[in-house]
Every structure is written in C-alpha cells, then in structure tokens.
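Following: one structure in structure tokens, then a few remarks.
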Amino acid sequence: MSKAFVIAETENGARELCAGARKLADEVVLVTVGAPVAGAADKSFHIDVPAGNIADDAYVTVNKIYDAEGGDVVLGEQTLRALSLVGRLAAKLGAAAITGVSAVEGGVATSMYFGGTGVRQAKAAGDVSVYTFGAGVFDAAEATGTDAVEEAAFEAPENAVAKTGSEALPPSDVNLAGADAIVACGRGFGSEEDLQLARDLAAKLGAELACSRPLAEGVDWFPREAYVGVSGAVVSPKVYVAVGISGQMQHMVGCNGADVIVAVNKDKNAPVFKACDYGFVGDLKTVLPALTAAL
Ligand SMILES: Cc1cc2nc3c(=O)[nH]c(=O)nc-3n(C[C@H](O)[C@H](O)[C@H](O)COP(=O)(O)OP(=O)(O)OC[C@H]3O[C@@H](n4cnc5c(N)ncnc54)[C@H](O)[C@@H]3O)c2cc1C
C-alpha cells in the first residue's frame, strides 16, 4: 500500500495537496504548521509552534513524524515555511526534491523552468519522491479524511532560531485556488484608486481579485499571494479577466488553465490578445464601467 506524506502551512494548501495526494497514493498523512486541518487526510498532525520559535524549526518534529509514518511520496506546499520543512526532510532522506510541479503522471513530474520559457519532465531518483506545488494544481474541494487531528509536540532543534519579535500584517483574504472567476489587474492601472473599477466588476461576477507580479512586488497594492504566474499562483477558474496586463508569458502560464480568458488592454498589439478568448481593445477606465453596467 503506498503512502503520501503532505507538509502544508495554510488550510487551503493542505486541502489541495491532500486531494492531489489521493491520486498518487492509497493513504494520506498530513502535517500542518499553520492551523489544524481536519477532514483532509487519513491521519492528520498539527504542530503548534511556540511563540519564541519559528515554523522552519518544526523540521525536527516533521522528520520524526515522517520516521514514524513513512511515505513513498512527499507533497509540500510552496510557501516559504513549508518549502523549508520539505527541504530539510528531503536532505535527511537523501531524496531529490522537484519544485514548482504542475502535474505528476506515472511518477513523472512536470514543472516550468527558465522563468516559464520551458516545461520540464523529471523523475525523482531514489525510493521517495519529493515534490512541491504552487496553489491551484489540485482541487481543494476533493479532500476527504478523518476529523481527528493529533497534536504533535514541537521539538526545537539544537541550534534553534530564537524569535525576538514579530508584527502582525493585515489579514489577507486572497483565495484564488478554487475561485470560479478571477479579475486580474496589471500595470495598466495608473493609480491605486482605479482598482475600484476592478473591484466593481469582480463584485458583479462574484470573482476574486488577483494581479500581475509588479502590482504585488513593484508597488504593494496587492499581497504577494494575489499575483498569478510562474513565480506566483497557478489558477484555473472558469473565467479569467486580465485587465491592463500585457500578457507576458511569465504571467500567462499561471492562468492559461482558465476555461475562458477575457482581456482588456488599450494596446491592440499586446500579447495578451493572442492568448485570450475575448478581447476588448480600449482604456480600462472606459471598458470596465461599461462591462460592469452591461452585466
Ligand atoms: C523570472 C521571472 C519570473 C516572473 N514571474 C512573474 C509572475 O509569476 N507573474 C507575473 O505577473 N509576472 C512575472 N514576471 C514579470 C513578467 O515578465 C512581466 O513583467 C509582468 O507580468 C508584467 O506585468 P503587467 O502585464 O501588469 O505590466 P506591463 O507589461 O507593463 O503591461 C501593462 C499593460 O497595460 C496596458 N495598459 C496601460 N494603460 C492601460 C489602460 N488605461 N487601459 C487598458 N490597458 C492599459 C498596456 O498596454 C500594457 O499592455 C516574471 C519575470 C521574470 C523575469
């Protein structure tokens, strides 16, 4: 009987990976370092990281759980902390870790490389395959499992990082995985106030708001988890409306799994028009209110 060992930080990530793990193994074990997650795996562990420690140092506990439970395949969420834990486990196992995986078929993992200019197929050598996945590869709604969650006592490593302080950031309500509709904003938005036009359209569509990378990392109009693309979230909604986004490949690889792509751009030669199903050539300040009103 094959077993999958899932390491996750967020609840959505845990559910998604457990749903994916079911396709790869008969039994699913989950370890989370965020909130406890019930109903997603056959066996679920939660590590409560004490206030004076950092989640990355939960690796001692994660590795011990792995020693007890085992696993033929390890699935890790692609968040900073989970990546750190997965890396530690892979190192301990002497296993190869394949990151940024978008699909696994017959033990062969597909991932992008060279900033999304290429797609690579790779197979992990060794007894244990270790993969990490960005958001949106699997369907979180399909996760099933026991409601029991076992609390695993945090065990600090010998040279633990001592947390000297922390500051809470405003909570993020971004939930792109599983969204049916997404309105994504790009650099075509000249000012932060204009984002209200996208919010109005999103409200009409019942859509989540997302963005291109410059709007989350160049300016901080959006949280990091809201940007779509090769280094951000990979999404597959029914409808993806790309507004003021040029359509660079690094962005489009994150949304080309959408059933329908609609583009709004004032430049008729923008590459996004080659990747969309419907396109509006025009200024977003005119097109968005008209679209919202028409809906
Ligand atoms: C290794 C690497 C990884 C990367 N990863 C990502 C990633 O994960 N996600 C990501 O998004 N990017 C990523 N990028 C960046 C990517 O290459 C592009 O630079 C970025 O996607 C461009 O964002 P944009 O389309 O919003 O901006 P721009 O390319 O500047 O496009 C803005 C568009 O808005 C249009 N516009 C301007 N004004 C208006 C208006 N008033 N009305 C309508 N349209 C208007 C313009 O015609 C233009 O097409 C990565 C780059 C590298 C090198």
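Out of the residues in the range 68-83 that are surrounded by fewer than 18 Cβ atoms within 10 Å (Cβ to Cβ) and at pLDDT 95 or above, state the one that is farthest from A152 (Cα to Cα).
Of the residues in the range 68-83, the ones surrounded by fewer than 18 Cβ atoms within 10 Å (Cβ to Cβ) are 68-70, 72, 80.
Pick out the ones that are also at pLDDT 95 or above and you get 68-70, 72.
Numbers: A68: 12, E69: 13, G70: 16, D72: 21 Å.
Only one residue fits best here, namely D72.
Name the pairs: first residue in the range 37-49 and under 13 Å from E9 (Cβ atoms), second residue in a strand (DSSP E or B), Cβ to Cβ under 6 Å, at least 6 apart or on different chains?
Listed pairs, sorted by first residue: H46/T32; H46/V149; H46/E151; I47/A152.
Going by the conditions given, is A38 assigned to a loop (DSSP other than H, G, I, E, B), at pLDDT 95 or above and hydrophobic (A, V, I, L, M, F, W, C)?
So A38 passes the test.
Restricting to the range 254-271, count the residues that are near the ligand (Cβ under 8 Å from one of its atoms) and under 19 Å from A135 (Cα atoms).
Residues flagged as near the ligand (Cβ under 8 Å from one of its atoms) and under 19 Å from A135 (Cα atoms) within the range 254-271 amount to 1.
Output the residue which, of all residues in the range 84-119 that are within 16 Å of the ligand (Cβ to nearest atom), among the aliphatic types (A, V, I, L, M) and within 16 Å of the chain's Cα centre (by Cα), is least open to solvent (accessible area, probe 1.4 Å).
V101
Counting only residues that are among the polar types (S, T, N, Q) and more than 18 Å from L291 (Cα to Cα), how many does the range 260-276 have?
The qualifying residues number 1.
Go through the range 280-295 and give me each residue that's more than 11 Å from the ligand (Cβ to nearest atom) and modelled with pLDDT of 95 or more.
P289, A290, L291, T292, A293, A294 - these are the residues of the range 280-295 that are more than 11 Å from the ligand (Cβ to nearest atom) and modelled with pLDDT of 95 or more.
Out of everything in the range 129-153 that is of a type in the set (A, V, I, L, M) and part of a loop (DSSP other than H, G, I, E, B), what residue ends up being least open to solvent (accessible area, probe 1.4 Å)?
Per the criteria, the residue is A143.
The values are calculated or read from the model by the stated rules, or taken from the named source; none is laboratory data. Because the structure is a prediction, the values reported are computed rather than measured. FYI the Cβ positions are ideal-geometry reconstructions off the backbone, even for glycines, and counts take in every protein chain you see. Please note that ligands, DNA and RNA were not included when accessible areas were found on the heavy atoms of the full protein model with its side chains. Shrake-Rupley method; radii C 1.70, N 1.55, O 1.52, S 1.80 Å.
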